[in-house]
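Accompanying notes for the structure given below.
The values are calculated or read from the model by the stated rules, or taken from the named source; none is laboratory data. Bear in mind that the values here come from a model prediction, so they are computed numbers and not experimental data. As a convention, Cβ positions derive from the backbone with ideal geometry for all residues, glycine included, and neighbour counts pool all protein chains shown.
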């Protein structure tokens, strides 16, 4: 039986009820980014275009659609923090994505306590099970295949400090499932959680000559 595929070009109408790209590349980890401007006013915002790109030194990054406060702050100070977004913190995380004036402190808006960092001036989300202190390495404006600049900004940072709530370390191993991370899905309001029921193991094949 032959398979049928829906094909479209992203620069044209996809012909579906909702753009499928974000649903295909899903679920995605959330970049819950805290930053400060040059005057020390804190900002906190979630980004679903986020991931880790290198491990030694560790490099993480997020991409912003538009020149938003997080990007402007990080350009000014060269520092930011990533905070793990979890199911117990989902509502506060969602509040922190509100489109508010740059003088508004989203920590206060979402009712979140700040925790001091050790190597950067940016505060962390105190209730988050894990946070990274980061130093800016690159700030890149994305461009199309035709070399046209886009209003999308990729922020890459080196993780210089890691904070882990000791409750989530067992026998020297960080317990991912116990921390209840949430991940962004493709729909306008869709998220995923993880559980032991969805976990499986698969060892890498050994290379033989």
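Report yes if some residue within the stretch 108-130 is buried (at least 19 other Cβ atoms within 10 Å of the Cβ), out of contact with any strand residue (DSSP E or B) (no Cβ under 6 Å at 6 or more places or on another chain), over 17 Å from residue 37 (Cα atoms) and modelled with pLDDT of 95 or more; otherwise report no.
Yes, there is a match, as at least one residue in the stretch 108-130 is buried (at least 19 other Cβ atoms within 10 Å of the Cβ), out of contact with any strand residue (DSSP E or B) (no Cβ under 6 Å at 6 or more places or on another chain), over 17 Å from residue 37 (Cα atoms) and modelled with pLDDT of 95 or more.
Report whether or not residue 55 is closer than 22 Å to residue 151 by Cα, free of Cβ contacts under 8 Å to residues at least 24 places away in the same chain and more than 15 Å from the chain's Cα centre (by Cα). Step through it out loud before you land on a result.
Numbers: closer than 22 Å to residue 151 by Cα: no; free of Cβ contacts under 8 Å to residues at least 24 places away in the same chain: yes; more than 15 Å from the chain's Cα centre (by Cα): yes.
No, not satisfied.
Out of all the residues in the stretch 164-209, which are in contact (Cβ under 8 Å) with a residue 40 or more places away in the chain and not in a loop (DSSP other than H, G, I, E, B)?
174, 179, 181, 182, 183, 184, 191, 192, 193
Output the residues belonging to the stretch 150-193 that are at pLDDT 95 or above, loosely packed, with under 12 Cβ neighbours inside 10 Å and more than 23 Å from residue 80 (Cβ to Cβ).
166, 167, 170, 171, 172, 173
Being in contact with a strand residue (DSSP E or B) (Cβ under 8 Å, 6 or more places away or on another chain), buried (at least 17 other Cβ atoms within 10 Å of the Cβ) and more than 20 Å from residue 118 (Cα to Cα) is the filter here; which residues of the stretch 71-91 pass it? Working first, answer last.
Here is the first cut: in the stretch 71-91, the ones in contact with a strand residue (DSSP E or B) (Cβ under 8 Å, 6 or more places away or on another chain) are 71, 73-75, 77-87, 89-90.
When the remaining residues are screened for being buried (at least 17 other Cβ atoms within 10 Å of the Cβ), the result is 71, 73-74, 77, 79-86, 89.
Residues satisfying the conditions are 71, 85, 86, 89.
In the stretch 138-159, which residues are within 17 Å of the chain's Cα centre (by Cα) and either more than 16 Å from residue 11 (Cβ to Cβ) or not in a strand (DSSP E or B) (or both)? Explain how you work it out, then say what you get.
Initial filter on the stretch 138-159 (within 17 Å of the chain's Cα centre (by Cα)): 138-140, 152-159.
Within the stretch 138-159, 138, 139, 140, 153, 154, 155, 156, 157, 158, 159 meet the criteria.
So, in the stretch 23-70, exactly how many residues are out of contact with any strand residue (DSSP E or B) (no Cβ under 8 Å at 6 or more places or on another chain) and either surrounded by 13 or more Cβ atoms within 10 Å (Cβ to Cβ) or at positive phi (or both)? Lay out the reasoning, then the answer.
Step one: of the stretch 23-70, the residues out of contact with any strand residue (DSSP E or B) (no Cβ under 8 Å at 6 or more places or on another chain) are 23-25, 38-41, 54-56.
Within this subset, residues satisfying the condition of being either surrounded by 13 or more Cβ atoms within 10 Å (Cβ to Cβ) or at positive phi (or both) are 23, 40-41, 54.
Of the residues in that region, 4 qualify.
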